[in-house]
Amino acid sequence: MTESVYVGNANVDAPQDRGWLLGYFKPPGDIRHSDDVEIKWGVHPRGDRRARWATGEKRTALLVLISGRFRLEFPGRNVVLSRQGDYVVWGPGVDHSWYAEEESVVLTVRWPSIPGYAVTPE
């Protein structure tokens with residue numbers, strides 16, 4: 001039987017799955033398992049950078065700045081999130097990377113939740 005209530009803390013739970021709190025990667029039967037959406041709590045020290053650009057994306061994503069200063073990099077355009085609540089949305093097919101200009105906390109939502117998209121360091 002699926003537990004219908006889960007109570008946690010993003011700062012405690014997020015490191016267990018590289019920041020991801022909800023998505024296909026949680027075990028079936030866990031209320032946090034979803035094929036529809038993924039949610040990530042990202043805590044990034046100043047200077048933290050994505051290992052390499054994400055390409056061939058098939059999902060839509062929303063990234064919201066909780067604190068800090070965070071730069072999203074897209075082909076031909078950078079977007080800097082500097083005020084709490086600033087956000088950016090991008091769709092399928094949009095290559096991207098990111099860089100934490102200051103220590104930052106961001107919330108990312110991606111949909112749908114599709115296996116096989118983990119970016120490993122080069």
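Observations, loosely collected:
- Reported count of residues in the range 70-93, each being buried (at least 16 other Cβ atoms within 10 Å of the Cβ) and closer than 21 Å to Asp36 by Cα, is 2.
- The condition of being modelled with pLDDT under 95 and not basic (Lys, Arg) holds for only one of Gly56, Gly85, that being Gly56.
- Any hit, the range 102-115, residues being open to solvent by less than 60 Å² (accessible area, probe 1.4 Å) and out of contact with any strand residue (DSSP E or B) (no Cβ under 9 Å at 6 or more places or on another chain): no
- Here Ser104, Ser97, Ser82, Ser113 are screened, and the one residue that is over 19 Å from Gly23 (Cα atoms) and in contact with a Ser or Thr (Cβ under 9 Å, 6 or more places away or on another chain) is Ser104.
The values are calculated or read from the model by the stated rules, or taken from the named source; none is laboratory data. On a predicted model such as this, the values are computed, not experimentally measured, just so you know. Because the Cβ atoms are built from the backbone with ideal geometry, glycine has one as well, and the counts that use them run over all protein chains shown. Please note that ligands, DNA and RNA were not included when accessible areas were found on the heavy atoms of the full protein model with its side chains. Shrake-Rupley method; radii C 1.70, N 1.55, O 1.52, S 1.80 Å.
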